[in-house]
Amino acid sequence: MSREIWDPGLQSERTRLAWVRTAVMLSTGGLAATGLTLRHGLPAPAAAGFVLAALFGALLLTRTGVRFRRVQEALHGGRPIDSGLDALLAWLGTLCAVAGALTFVLAPWR
């Protein structure tokens, strides 16, 4: 007896929206934090973590359509879903945002 993986509900659409929210928050948050860091007179390297977070968020956002299509094909084909690269990009973006925040908080204010 084979069990079908595909569920006709909206789970994959909700997952896609969650990935989009994560990507948008990384990219816009990274850009806003970069501007805040530079406006407060911190050296440019202090903003590097935020710039990288924005970059990883932008990469995730551009991969959203491709990832959704692959997930749909895997679900309909009964194959496992592989989102390792996207999870790595999200993890690296979050790590860079945290590093930027630590740099921002621990930097001496002028």
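Rule-based calculations on the coordinates, nothing more; no lab input. None of the values given here were measured: they were computed from a predicted structure. Heads up, the Cβs are rebuilt from the backbone with ideal geometry, glycines too, and the neighbour counts pull from every protein chain shown.
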*If one takes the longest principal axis of the Cα atoms in the chain, at what angle in degrees, from 0 to 90 and to the nearest 10, does the Cα axis of helix 48-77 lie?*
0 degrees
*Among S27, T62, G77, whose Cα lies farthest out toward the positive end of the dipole of the chain, if unit charges sit on the beta carbon of Lys, Arg (+1) and Asp, Glu (-1)?*
S27
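In deg cm²/dmol and to the nearest 500, what is the mean residue ellipticity at 222 nm of the chain if only DSSP H runs of at least 4 residues count, each as -39500 (n - 2.57), divided by the residue total?
It lands at -26500 deg cm²/dmol.
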*Return one number: the angle in degrees, 0 to 90 and rounded to the nearest 10, between the long axis of the Cα atoms of helix 84-106 and the longest principal axis of the Cα atoms of the chain.*
20 degrees
*Taking the Cα centre of the chain as origin, sum charge times position over the Cβ atoms of Lys and Arg (+1) and Asp and Glu (-1), and report the length of that vector in debye to the nearest 20.*
220 debye
_Helix axis angle, 11-39 relative to the chain longest principal axis, alpha carbon, degrees_ = 10 degrees
*Within the range 32-57, backbone nitrogen closer than 17 Å to the virtual label 7 Å beyond the Cα of A101 toward Cβ*: 32-37, 47-57
